[in-house]
Structures are given as C-alpha cells and as structure tokens.
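The values are calculated or read from the model by the stated rules, or taken from the named source; none is laboratory data. Note that the structure is a prediction, hence the values are computed from the model and not measured. Using ideal geometry, Cβ is built from the backbone for each residue, glycine included, and neighbour counts are taken over all protein chains shown.
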Amino acid sequence: MADVEPPVPEQPSDARGRRTAKRRGRARKRHTVAKVLLATVLSLAMVTGLGTIWLYRDLNSNLTVLDVVGQLDNRPDKPSDDEPGEPLNILVMGSDDRDGAGNNIDGLTGDGERSDTTILFHLSGDREFAYGVSIPRDSLVTRPECEAEDGSTIPGAANAMWNEAFALGGPACTIQQFEQLTDVRIDHYVVVDFAGFQTMVDAIDGVPVCIPEDIEDPAHGIRIPAGSREIEGKEALNYVRARYTLGDGSDIGRVKRQQAFIAAMANKVVSGGVLARPDRLVGFLQAATEALTVDPGLSNVLQLSKVGLGFNGIGLNQIRFITVPWAYDQREEFRGRVVWTPAAETVWQRVRDDEVISRRLDSTAINAGNVPGSPGSGSDDGSDGGSDGPSGGSSDGPDSGSGGTDDARSEEDKAALEAAGLCT
C-alpha cells in the first residue's frame, strides 16, 4: 500500500492574509537563544522515517508559524523554489528578554526583546557544503526603514546596532535589514527561544565543552568549573551567554564560543548515539519544535525534513561556522562597536554565487566535525591556516575549499580559541 502523507491542517489567516498558527503573541516573553538551528535541522533530517501520524501531528502542533513576507519590500532576486540544485539561505535569529533578575547579562537598557545572535545559514545547491555566517550584534549598520506588524513604518537610522532591528520590528525588520545590506535573499527564517534551547540540551543529556579556566560571575549567578565535560540545563545557558568573565571579554569571543557550542551539539546529535535512542530523539524533537517560530515554508516537520535532507551528503567537517569580517570602530563615540570590513562584501558575494568561503576570509572558522571538548578534537580541525586573524583580516586569496588535513590546530586557531575562552 502506498504511503499516505498525513494531512496538514489549514491554518487561519488574519485580515492581511498572514498565517497565524499557534501565535504566542506577547503573552509570555522568553529569553531566546538561536545557537542551535544546525543541530535541529540535522536531527530533523535524519528522522524522516519516524514520521508516524501521531508524532507528525504532535510535532506540527508545536510549531509557531508567522508569515512576514507582506512586511518585506525591495527584495533581492533569487529564482528558487527549494528544488534540488538550488541553494538555500536560512536566517536564524534569537531574542533576549531584558526583563527579570539576572537576565540582562550585558547590562543593556530598554525593555522587550532583542536579537543578540543572527546567523545566516547557507546550504549549497549541490548539497556538498554548508556554512553559518554569524553577525555580531554590536555591528554598526545603516538600518533601512521597515514595516511593523501593524502596517506602520519604522524609520531607518545611521550607525544603528544590528540587533536594534529585531527590538523594533521583530524578524521582519531583521530580514529587511539583512537583505538590503547584503543583497542576499532569505528563503526561510527561524527564531529559537530560550526555553527550547535549554530543553534541547537536556534532551540529549548535555553538550560536550572544554573550558580552560573557571568561569566566575557572582553578579549574574554564574559559576562553571574548568575542564572537559558535558554541560546541560542552566549551566549550558550560562555558558553560551557569559561574556565579561571568559576569554577576552568581547562579544566577538562569545560569538565564537556560541559557534563551537552549536557545532558540538550537532556533532553529538549526528555522531553521539542520539539517533539510535528513541527516547532522546523524540525528546529532542519535541523540544526543538516547541522552540521554533518559522515561516510558512517550514510550517510542518516534513518541510523541515526536506530542508534537512540536504545535509545527508555533507560530512560534519564540511559544515563550517565563520563570523562576518569585522574591525573595531575607531570613532571615540562608538568605542567597543564593530564595523564590517570590505572583505564582508566578498563573503556575501560568495553566498550569492553559492561558493565556498575562503579560509582567508575567516581562517579561524569552526567546523562541526572538530570542536573543543568533542571526541577527536585537536587532531584535525580542517584548517589550512590562512592570513586572517580573528577580526576577519583584509585579504582574500584563492578559494581554499573546506579545509586541509593538518595534524594540529594552527597557532592562529589556538589564539582565536583562547580569546573566546575555549580550550586549544
């Protein structure tokens, strides 16, 4: 008998035609951390065969769907219908609720949610490589005007921090900002919340990390002993959010540490026996789908799995995480903020052309196959050196592919890991 695909319930629309399935609205603000999309997509890809009707319906009901297309304009061209051979660009966002004791790690002012993490996740058209490009939340950009959910116009601004767009207009304004500044069209977007992040980590019994020194931050109730082990629960959340008491204290170091955590999580989901443990797997999927707010193109687990299946032919060593090339702003009034260097345009051009990003654009990239604390780390990080430092450098040489076969991390890699508070 032929398999019958479970029906996808039709979801209601509002007056503007937007789908409003399980809209949480503003009833409950949550910390959100968007550092786990890769692990989520990879695991969803691997479990397509588990699509029993009960699981399918249950996981679908967990998803929150929000259509923001009507709020976007002047979009870049991209003739893609998610067909084989077409690259995919997925923008991952996470918001940080400033309210509540101990929540505001960085002491920022203002109420509501901000997106402290934005990652463009690019899956190549031939499904042979993938990478995530992190955008520091401290990046100063010219923010374009955008349309709020109620139809009003949110004015643009010069020298605006990247994460202000999310605070003002949610995912729609962040997507508008990204597309206008990079000329890269977004195919899908995902927002992941804090509660789901912590539950996902707990569902797989923790994520391996290697911490070179104790993390002590009494002001925020954070104490994590040094060493290599698996962390979970609140300890894992504190680890990815800690900043001033770890590494060089910069937001860039925290970005690198978050990249390593995502990579380690993906590594464990794919290689650490999670797929062979139904209890862990179902728990992870339940947590993942409850954590996600997605566009209508990802509104059910089959659609998510379709995207995730693209990872089947990609080894973990071919999935890299880089940071957009940046430098500290030299203007006194913007001390501590960062600006994108000219090399950033080369990164976005590579994305538009569906090409691998050169090691010389980010020689300290982290890959999902080798991260500090994971089995085998330190033996082959897929690095071939390069000429750029942690700031992304200014040179761009021939595309060096996805890595070499060095037996040890380069001195440059070690310095970047140390700056981020990671073991070398």
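All conditions but one from (1) among the charged types (D, E, K, R); (2) closer than 23 Å to residue 254 by Cα; (3) touching a residue at least 60 places away in the same chain (Cβ under 8 Å) apply to residue 164; the one that does not is (3).
Return the residues of the range 314-332 that are in a strand (DSSP E or B) and over 17 Å from the mean Cα position of the chain (by Cα); say none if nothing qualifies.
Result: 326, 327, 328.
Taking the range 174-195, which residues are surrounded by fewer than 24 Cβ atoms within 10 Å (Cβ to Cβ), in a helix (DSSP H, G or I) and not aliphatic (A, V, I, L, M)? Those that are surrounded by fewer than 24 Cβ atoms within 10 Å (Cβ to Cβ), in a helix (DSSP H, G or I) and not aliphatic (A, V, I, L, M): 179, 180, 182, 194.
Which one of 338, 351 is modelled with pLDDT of 95 or more and buried (at least 18 other Cβ atoms within 10 Å of the Cβ)?
351
Could you list, in sequence order, the residues of the range 196-215 that are part of a loop (DSSP other than H, G, I, E, B) and farther than 17 Å from residue 290 by Cβ?
Taking the range 196-215 as the starting set, the residues that turn out to be part of a loop (DSSP other than H, G, I, E, B) are 204-206, 212-214.
Passing the criteria: 205, 206, 212, 213, 214.
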